[in-house]
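Report on one structure; see the data block that follows.
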Amino acid sequence: MKIQRSDKRCYELTEGSERLGRIIYKGLFSFKASAIVGDASYTITPKGIFNTSISVTRDGMEVAKMKMNWKGHIFISFQNGREFVFKATGSFLTRYVLEDKDQQKIMFLNPDFIWSTFSYNYDISYDNAPPDILLVLLAAYSANYYVAAMSAAM
């Protein structure tokens, strides 16, 4: 699987030649976005004073919450009780991993910096069955969010 930036505001999730989903940001410097999986559209909206809480809704109903802590870990909680932690890993914290609540590694995101667009594409790998598409898109959103948050902190 790959997440590739297709234009200034859109990232596409593909596997081979098949397009599985998209993240479309509302603006260049905005964290508001839409995640599209098939016919379903989800709205991703940062909340709170420092935008450390993020709500994911579909048709006005919240389906997931995301929250970043001071260590830079992003917790993803779905309404059905599934919980995940997204965190940077590697010697220079340049790769990302998504773990379940039992600390089992679910997915790995390896960024590829594109100088011409000054953005990242991501190669996504996983050990067992592929995770659901919304979770993959939220992990890619988390990676972009993490990079922006850490850049602002510098």
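The values are calculated or read from the model by the stated rules, or taken from the named source; none is laboratory data. In this text the structure is predicted, and so the values were computed from the model without any measurement. Every residue, glycine among them, receives a Cβ derived from its backbone with ideal geometry; neighbour counts consider all protein chains shown. SASA here: full protein model, heavy atoms, side chains in, ligands and nucleic acids out. Shrake-Rupley method; radii C 1.70, N 1.55, O 1.52, S 1.80 Å.
Computing Rg and the Kirkwood Rh from the Cα coordinates of the stretch 1-63 gives a ratio, Rg/Rh, of 1.01. Among the listed options (i) 1.38; (ii) 0.95; (iii) 0.92, the one matching Rg/Rh (Cα atoms, Kirkwood Rh) as calculated from these coordinates is (iii). As a fraction of the 1.4 Å probe accessible area of the chain, surface on carbon and sulfur atoms comes out at 52 percent. Annotation: per residue accessible area for the stretch 4-154 equals 59 Å², rounded to a whole number [probe 1.4 Å, protein chains only]. For the pairs Lys8/Lys71; Lys67/Lys101; Lys2/Lys32, flag any whose C-alpha to C-alpha distance is greater than 18 Å. Lys8/Lys71; Lys2/Lys32, as the Cα separations exceed 18 Å there.
Magnitude of the charge dipole for the stretch 1-124, about its Cα centre and with charges confined to Cβ atoms of Lys, Arg (+1) and Asp, Glu (-1), is about 460 debye.
Our note on the geometry: Cα centres of the stretch 22-53 and the stretch 54-128, 14 Å apart. 3J(HN,Hα) along the stretch 36-51: 10, 10, x, 8, 8, 10, 10, 9, 10, 10, x, 9, x, 5, 9, 6 Hz, from the Karplus curve 6.51 cos²θ - 1.76 cosθ + 1.60 with θ = phi - 60°, whole Hz, x for Gly and Pro.
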